[in-house]
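Peer 1: I am attaching a structure below and will ask some questions about it afterwards.
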Amino acid sequence: MGRFVHPWVWLKRHPIPVRAHFRQSLVLTYAFPEQLLETLLPPGLILDTHRGFGFLAIAMVQTEALRPAFLPAWFGRDFFLTGYRIFARYKTRAGRTLRGLRILRSDTDNRLMAFFGNRLTHYNYRVAEVCLTEHCQRLQIEIRTLHAKSDLHVAADLTSRPAPLPAGSPFADLHEARLFAGPLPYTFDYETETHSIVMIEGLRQNWKPQPIRVEVFKNTFFDQAPFNQTTPVLANAFHVENISYRWQRGRRETLLLEEANNEP
């Protein structure tokens, strides 16, 4: 007989397809030495690298009408979401390599979203205070979190699109940078109870990220280990608007024994 799996474990596999509209999203991607980010990946996932760097994206999203895909838009909820994600790959049992993101932390200004998000996903939601303002084509986002664990203050010049890459970026051009702009087709996480990878596929429309000039005044997430062992490099910054998005039901695939035992 198979191993008993508690219903709470099953629920966190994103069992319900979800639909939402992104009013706008600002994504900052930082480059780190690949050895540093590899320590944060669970068994089964491989760091997605470029020229010796791994990448962590911070996505700030104005989300509207998020609801189960089978319900009308009026049933949905609006909220702000910040997600901290590592670019990773997963090779399926069938030999197919998938690109995606492994989420480390999510912050939201909606307590209900945090409550249900932590029961239906592995996204690690926390409640935060969010102040978003737009004035004279300048977008400012300020996020305050408990114990300042992931406080963030960013300003984006919406008139700068398209902007050149940030100074020091490891990308040679905007084409390379867009490969690490996010979101990617999949979100991954490791299910300890069953030694499995849970995969959630995302489908989007009208995804046309525009490189943008930003100023980052505060980012306390990188003040903690292991990120504070080096200086993060802002590799790219992109802005998108009016995106229809859908997440499929999560799928689980059991790892081979040697993968499950390969703890980082």
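The values are calculated or read from the model by the stated rules, or taken from the named source; none is laboratory data. Computed from a predicted model, the values in this text were never measured in an experiment. With ideal geometry, Cβ positions are generated from the backbone for all residues, glycine too; neighbour counts draw on all protein chains shown. These area figures cover heavy atoms from the full protein model, side chains too; ligands, DNA and RNA do not enter into them. Shrake-Rupley method; radii C 1.70, N 1.55, O 1.52, S 1.80 Å.
Peer 1: Can you find, within segment 84-95, the residue that is nearest to ASP48 (Cα to Cα) among those that are part of a strand (DSSP E or B) and open to solvent by 20 Å² or more (accessible area, probe 1.4 Å)?
Peer 2: This residue is ARG89.
Peer 1: Can you tell me which of (1) open to solvent by 40 Å² or more (accessible area, probe 1.4 Å); (2) closer than 21 Å to GLY54 by Cα; (3) assigned to a strand (DSSP E or B); (4) of a type in the set (Ser, Thr, Tyr) is the one THR231 doesn't meet?
Peer 2: Unmet condition: (3).
Peer 1: State yes or no: is LEU98 crowded, with 19+ Cβ neighbours inside 10 Å, out of contact with any Pro (no Cβ under 6 Å at 6 or more places or on another chain) and either outside any strand (DSSP E or B) or of a type in the set (A, V, I, L, M) (or both)?
Peer 2: So LEU98 does not fit the description; no.
Peer 1: Among (1) in contact with a Leu (Cβ under 9 Å, 6 or more places away or on another chain); (2) open to solvent by 20 Å² or more (accessible area, probe 1.4 Å); (3) aromatic (Phe, Trp, Tyr); (4) not in a strand (DSSP E or B), where does TRP207 come up short?
Peer 2: (1)
Peer 1: Going through LEU174, LEU139, LEU120, LEU184 one at a time, which residue ends up being at pLDDT 95 or above and out of contact with any Cys (no Cβ under 8 Å at 6 or more places or on another chain)?
Peer 2: The unique qualifying residue is LEU139.
Peer 1: May I ask you to list pairs of residues, at least six apart or on different chains, whose Cβ atoms are under 9 Å apart, with the first in segment 224-253 being at positive phi and the second being open to solvent by 40 Å² or more (accessible area, probe 1.4 Å)?
Peer 2: ASN242/HIS21; ASN242/ARG23; ASN242/ASN206
Peer 1: Shifting gears a bit: Looking only at residues that are among the hydrophobic types (A, V, I, L, M, F, W, C) and in a loop (DSSP other than H, G, I, E, B) in segment 177-190, which one is surrounded by the most Cβ atoms within 10 Å (Cβ to Cβ)?
Peer 2: PHE180
Peer 1: Restricting attention to segment 35-70, and to residues there that are among the charged types (D, E, K, R) and within 26 Å of HIS175 (Cβ to Cβ), which single residue is most open to solvent (accessible area, probe 1.4 Å)?
Peer 2: Filtering first and then ranking leaves ARG51.
Peer 1: How about segment 72-90: which of its residues are of a type outside the set (Val, Ile, Thr) and modelled with pLDDT of 95 or more?
Peer 2: Those that are of a type outside the set (Val, Ile, Thr) and modelled with pLDDT of 95 or more: ASP78, PHE79, PHE80, LEU81, GLY83, TYR84, ARG85, PHE87, ALA88, ARG89, TYR90.
Peer 1: For segment 203-228, give me the residue count where each residue is touching a strand residue (DSSP E or B) at 6+ places or on another chain (Cβ under 9 Å) and either under 21 Å from SER169 (Cα atoms) or at pLDDT 95 or above (or both).
Peer 2: 17
Peer 1: How about segment 143-176: which of its residues are within 19 Å of PRO209 (Cα to Cα), touching a residue at least 60 places away in the same chain (Cβ under 8 Å) and assigned to a loop (DSSP other than H, G, I, E, B)?
Peer 2: ARG161, ALA163, LEU165, PRO166, SER169, PRO170, PHE171
Peer 1: Taking the stated definitions as given, is PRO162 surrounded by fewer than 16 Cβ atoms within 10 Å (Cβ to Cβ), out of contact with any Cys (no Cβ under 7 Å at 6 or more places or on another chain) and at pLDDT below 95?
Peer 2: For PRO162, the condition - surrounded by fewer than 16 Cβ atoms within 10 Å (Cβ to Cβ), out of contact with any Cys (no Cβ under 7 Å at 6 or more places or on another chain) and at pLDDT below 95 - is met.
Peer 1: Oh, and also: Could you give every pair whose Cβ atoms fall below 9 Å, whose first residue belongs to segment 5-27 and is part of a helix (DSSP H, G or I) and among the hydrophobic types (A, V, I, L, M, F, W, C), and whose second residue is surrounded by 18 or more Cβ atoms within 10 Å (Cβ to Cβ) and modelled with pLDDT of 90 or more, counting only separations of at least 6 or pairs across chains?
Peer 2: Sorted first by the residue in segment 5-27, then by its partner, the pairs are VAL9/GLU191; VAL9/THR194.
Peer 1: When you go through ASP189, ASP157 one by one, which is the residue that is over 20 Å from ALA31 (Cα atoms), of a type in the set (D, E, K, R) and modelled with pLDDT of 95 or more?
Peer 2: Answer to the check: ASP157.
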